[in-house]
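Shown next, in structure tokens, is the structure this report addresses.
Derivation of every value follows stated rules applied to the coordinates shown; laboratory data play no part. Since the model is a prediction, treat every value here as computed from it, not as a measurement. Using ideal geometry, Cβ is built from the backbone for each residue, glycine included, and neighbour counts are taken over all protein chains shown.
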Amino acid sequence: MKPIPTFEDVVRIQKEADEALRRYWADEVFLVSYQWWVILGLTFIPFIVWWKIVDRKRLFEIATYGLLVSTVSVIFDAIGVETDLWEYRYREVPLLDVLMVFDISVMPVVFMIAYQYFNTWKSFAAAHIVLAAVFAFVAEPLLVWMDIYVLMGWKYIYSFPVYLAIAVVLRWLMQRLKKAAA
């Protein structure tokens, strides 16, 4: 029977793992991998596009929706990494376990655009069914193919309802917030 590690053992092991990740990132990822450059571009380009098309009259509402999407995405992503369902071989910086480009840029921006343009529940749901399918069955496999995203205990099909639920629940929440503020 294995001895139960002490808290100090856990801290030491985590520190060693963090140091190894930072060395790997500095030597194998930062500025030298095409994946890092793709991630860097995807961090900024969606916001440039979004800023050109966002409805300025609804900026606060749309940005609030995007921030909620980002917050939920980061939490779900952190849970997935922490429970060893997936991991990221390449990331912007080695300080966070999540793929920030997806959680704070790509997904929120795409969801904000859909939120802006699809105003009825029917059109919003239809748009997000398509978006959930694209994220789950196109974007995620592409990230796996690029060796950025490593699936360990997760399947693409599990992502589809998660993406859809995030969009629908947060739209419902935004409607409740708007009604309470009126």
Percentage, to the nearest whole number, of Cα pairs in the range 1-160 over 25 Å apart: 39
Per-residue Cβ neighbour rank within 10 angstrom, fewest leading, Y34, Y88: Y34, Y88
Lysines with Cα under 22 Å of K178, excluding same-chain neighbours fewer than 8 positions away: K57, K122
Dipole magnitude of the range 33-181 about its Cα centre (Cβ charges: Lys, Arg +1; Asp, Glu -1), debye to nearest 20: 920
Inter-probe distance in nm under a simple model that places probes 7 Å from Cα toward Cβ, at I157 and A26: 4.4
Nearest-ten-degree value, helix 59-82 long axis tilted from longest Cα axis of the chain: 30
Backbone HN-Hα couplings from phi across the range 165-182 [Karplus 6.51/-1.76/1.60, Hz, Gly and Pro as x]: 5, 4, 4, 5, 5, 6, 5, 4, 4, 4, 5, 5, 5, 4, 5, 5, 7, 6
Length released on extending from A125 to V169, taking residue separation times 0.36 nm less the Cα-Cα span: 14.7 nm
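Sequence gap at least 6, Cα distance under 8 Å: using those rules, report the relative contact order of the chain to the nearest whole percent. Don't skip to the answer; put the middle values down first.
Details: 159 pairs, mean separation 45.4, N = 182.
Relative contact order for the chain comes out at 25 percent.
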Inter-label distance, nm, simple model (7 Å from Cα along the C-beta direction), T43/Q14: 2.4
Degrees between helix 34-53 axis and first principal axis of the chain (Cα, 0 to 90, nearest 10): 20
